[in-house]
Amino acid sequence: MILNVSPQSCVRSVLFCLLLTLAGSTAKAQATQQSSGLDRQLQRLDIGVAASAIINKDSNGTVLINTVPTAVNLHPGNTVGPLVTIRYTVSPYVGFEFNYGYARYTQTFTPFGATPVGGVQQNASEYSFGYVVHPKRQFHGVNPFIGGGAGTTAFRPTPGGGEGLAPQARATYYYNVGGDYMLNKHFGARAEFRETFFKAPDFETNYLTIQKHTTEFQPGFGFFYRF
């Protein structure tokens, strides 16, 4: 059997095959570019968890005792709590972070020259955003960083030891310094020191007034995962 195939048909067939090949190559290139772009974004992310010591500073205010305003000292207890940090680093000098910190301790109120009048056990949760810088120079494999930001700390009295007081949120500011050390391609260790600033809570009661800002020192150590 002899097939009668015109030159035009051959040309159309060849062009069709070329178009299919070109379309497949373009789709593969686009998929590769999208995958590379996603990888670049993920490489900028890391998630860290640290154990932080919570060292509080005392503050002063007034408390009503038998309707008489009396100077009072507020003494927050010290404890240890977790700090979770998510960082997105664009370049050594452009980075952002979100922090969540948790601690439970008791605020003890003591009138000056008297015995403590009571304590409020609370859960304190920090939610903050910040800017972080990683200088290019490393020290013995440690990459230093420094940052700062703002957010809020929610003080929630516990059901058992919170004296039935209402929760209260305070604006919070912080700075941090520390260093990262990569253990392998994705995992690293992190040591840092943070200091937070906020107005001491008074739980919006009508018998206690605290108008003093206080600080909280948070040395910590933990690990992080870098995508």
Open item on the list: Please report Rg (one decimal) and Dmax (integer) in Å for the Cα set of segment 163-206.
Closed with: 17.9, 55
Open item on the list: Based only on Cα atoms, what mean projected area does the convex hull of segment 80-124 have, in nm²?
Closed with: 5.2
TODO: Sticking with the crude label model, points 7 Å out along Cα→Cβ, report the distance from Arg40 to Gln211 in nm, one decimal please.
DONE: 5.4
Open item on the list: How large is the convex hull of the C-alpha atoms of segment 33-99 per residue, in Å³?
Closed with: 152
Open item on the list: Please list 3J(HN,Hα) in residue order for segment 122-129, calculated via the Karplus relation 6.51 cos²θ - 1.76 cosθ + 1.60 where θ = phi - 60°; whole Hz, with x for glycine and proline.
Closed with: 9, 9, 10, 10, 9, 10, 8, 10
TODO: With the Cα gyration tensor of segment 86-152 in hand, convert its eigenvalues to equivalent ellipsoid semi-axes via √(5λ) and list them largest first in whole Å.
DONE: 39, 14, 10
TODO: Multiply the residue gap between Asn78 and Ala53 by 0.36 nm, knock off their C-alpha separation, and tell me the result in nm, one decimal place.
DONE: 8.2 nm
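Every number in this text was worked out from the coordinates using simple rules, so none of it is lab data. Model, not experiment: these values are computed from the prediction. Using ideal geometry, Cβ is built from the backbone for each residue, glycine included, and neighbour counts are taken over all protein chains shown.
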